[in-house]
1. What residue, of LEU142, LEU95, LEU129, is in contact with a Ser or Thr (Cβ under 7 Å, 6 or more places away or on another chain), at pLDDT below 95 and of a type in the set (A, V, I, L, M)?
2. Within region 196-221, can you find the residues that are touching a helix residue (DSSP H, G or I) at 6+ places or on another chain (Cβ under 9 Å), of a type in the set (D, E, K, R) and within 13 Å of TYR185 (Cβ to Cβ)?
3. I'd like to check something: does region 69-77 contain any residue that is in contact with a Phe, Trp or Tyr (Cβ under 6 Å, 6 or more places away or on another chain) and of a type in the set (Lys, Arg)?
4. Residues that are acidic (Asp, Glu) and open to solvent by 10 Å² or more (accessible area, probe 1.4 Å): list the strands (runs of 3 or more DSSP E) wholly contained in region 113-182 that include at least 1 such residues.
5. Could you look through region 18-46, keep only residues that are of a type outside the set (Lys, Arg) and in contact with a Lys or Arg (Cβ under 8 Å, 6 or more places away or on another chain), and pick out the one that is nearest to MET86 (Cα to Cα)?
6. Which numbered condition in (1) crowded, with 23+ Cβ neighbours inside 10 Å; (2) free of Cβ contacts under 8 Å to residues at least 12 places away in the same chain is the only one that ALA201 fails?
7. Might you check whether a residue that is in contact with a strand residue (DSSP E or B) (Cβ under 7 Å, 6 or more places away or on another chain), without any contact (Cβ under 8 Å) to a residue 40 or more places away in the chain, of a type outside the set (A, V, I, L, M, F, W, C) and surrounded by 19 or more Cβ atoms within 10 Å (Cβ to Cβ) occurs anywhere in region 226-245?
8. Restricting attention to region 58-91, which residues are open to solvent by less than 70 Å² (accessible area, probe 1.4 Å), outside any loop (DSSP other than H, G, I, E, B) and over 13 Å from ILE22 (Cα atoms)?
Amino acid sequence: MLYDELARLKNHGEDFVIITLIKVLASAPQDVGAKCVVTRDGLIAGTVGGGKVEARAIEYAKEILAQKSYQAPIIKEWNLQTDIGMTCGGVCHFLFEHIPSSSWKVAVFGAGHVSQALSRTLMNLNCDLIVVDPRKEWLDKLPSNIKTIQSDDAKKVIASFDENTFFISMTKGHAADVPFLYEIYKQFPNTPYVGAIGSKAKRNAIARDLKELGVSEDFINNLHIPLGLPLGNNQPFEIAISICAELLQIRDN
């Protein structure tokens, strides 16, 4: 149960703290090794003893999560009588481990052959990946731990992301790419990366359509079409590696 919850939280890109009881002197309400998981909403799974000591540990974990940056692991030593106000007189040492959410968000529109390879490559990196496609049968081909959205509603889908997202369009063709690219422009014109798979000829067609919709020259000029660095061949995983290399280059620039 606890480890299932950890996987779920990681998959959904949520901040959380793992609390572990690592040392006990005299009596304590739980055994060494007891764990629990805390999010900003409170206790999610597990226990480190219940009652006042667990409430204090949860409160401290939420203080960690309230910080704006990653917090290094810390050990807290609490005397159950003098620090916690409990009847038993033991001393407990708790380890608090902050597991931050990924701040690198990547949205891939389309779940076709190259997207399948790209998604499997990206899932090994420290990013918060979401794949969007209206076709359930293609989304179902992805590994179960990749987040998916089944939709072709560009306006609604784009609104679920933010301006720091890296956007990659791999739909069935430029006519399907354009609505997503247009919505990205309207909602997040300064996002760090927007690209679409395709040739230089496809780039010209997309640029023409976006310009007719009133998209700025700056946005069009910054589109990454074709995607990826100029390396490898046309095999899906080699294309995926070239795209990941470009994403990392832009992310770390």
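1. Unique residue meeting the criteria: LEU129.
2. Once the filter is applied, which keeps residues that are touching a helix residue (DSSP H, G or I) at 6+ places or on another chain (Cβ under 9 Å), of a type in the set (D, E, K, R) and within 13 Å of TYR185 (Cβ to Cβ), region 196-221 yields ASP209, LYS211, GLU217.
3. yes
4. In region 113-182, 128-132 are the strands (runs of 3 or more DSSP E) which contain 1 or more residues that are acidic (Asp, Glu) and open to solvent by 10 Å² or more (accessible area, probe 1.4 Å).
5. So, considering only residues that are of a type outside the set (Lys, Arg) and in contact with a Lys or Arg (Cβ under 8 Å, 6 or more places away or on another chain), the one nearest to MET86 (Cα to Cα) is LEU21.
6. Failed condition: (1).
7. Among the residues of region 226-245, not one is in contact with a strand residue (DSSP E or B) (Cβ under 7 Å, 6 or more places away or on another chain), without any contact (Cβ under 8 Å) to a residue 40 or more places away in the chain, of a type outside the set (A, V, I, L, M, F, W, C) and surrounded by 19 or more Cβ atoms within 10 Å (Cβ to Cβ), which makes the answer no.
8. ILE58, TYR60, ALA61, ILE64, LEU65, ASN79
The values are calculated or read from the model by the stated rules, or taken from the named source; none is laboratory data. Keep in mind the model is a prediction, meaning the values are calculated, not measured. Positions of Cβ are generated from backbone atoms using ideal geometry, with glycine treated the same way; all protein chains shown enter the neighbour counts. Accessible surface areas use protein heavy atoms only, side chains included; no ligands, DNA or RNA. Shrake-Rupley method; radii C 1.70, N 1.55, O 1.52, S 1.80 Å.
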